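A short write-up of the structure that comes next.
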Amino acid sequence: MPSHSQPAGGLCAYTEAHMELWINQLLSLLALPEYSLGTVFVVSFISATLVPLGSEPVVFGLIKLNPELYWQVVFVATAGNTLGGALDWWMGFGAHRVIDKYKHSEHHTRALAWLEKLGPKACLLAWLPIVGDPLCAVAGWLKLPFWPCLVYMTIGKFARYSLMTAALIGVFSG
């Protein structure tokens, strides 16, 4: 039995109306300069850790609402995502001292040999979905040099945000 606060159409329409309200409130909040770049930084940071969260919708949404902030948003997203990757590196570095469980598996051995061969340059791939964040952790676990890894992470993540956002703006502008 629908309550008087639900729109006609039942629970689905009620949920849909609340979702639309929530999205509009979120977009309004993101449009406020005092919250927008901080939100981009936090979401980009968290999405670079092993937490399955994407920062692209927030980055694109803010740029769509405030095109004049394009480069500021890209730089802040790059900084947050790179620092999240650095956290992954340090977690991997620490894990090296604790976990040696899969040391002898064939897949593990091949992946480690590939990463050791590429060295810090492998961190250019830190932007990739699914494998990018663990890649940073494995780089730390292998004790690859932190600063070169951080530089390569930054280059890869900056290129991702720049190109992805430019492509999305091109798709949605035309």
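The values are calculated or read from the model by the stated rules, or taken from the named source; none is laboratory data. Worth saying up front: this structure is predicted, and the values here are computed from it rather than measured. Cβ: placed from backbone, ideal geometry, glycine included. Neighbour counts: every protein chain shown.
Structure data summary
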item	result
Options Ile63, Ile130, Ile155: the member that is touching a Phe, Trp or Tyr at 6+ places or on another chain (Cβ under 6 Å) and of a type in the set (Val, Ile, Thr)	Ile63
Any chance Gly119 is surrounded by fewer than 16 Cβ atoms within 10 Å (Cβ to Cβ) and modelled with pLDDT of 90 or more	yes
Filter result (hydroxyl-bearing (Ser, Thr, Tyr) and either under 13 Å from the mean Cα position of the chain (by Cα) or not assigned by TED's automatic domain parsing to the domain that holds Val51 (or both)) within region 125-159	Thr154
Enumeration of residues in region 43-86 that are among the aliphatic types (A, V, I, L, M), over 21 Å from Val151 (Cβ atoms) and touching a Leu at 6+ places or on another chain (Cβ under 6 Å)	Ile46, Leu62, Val73
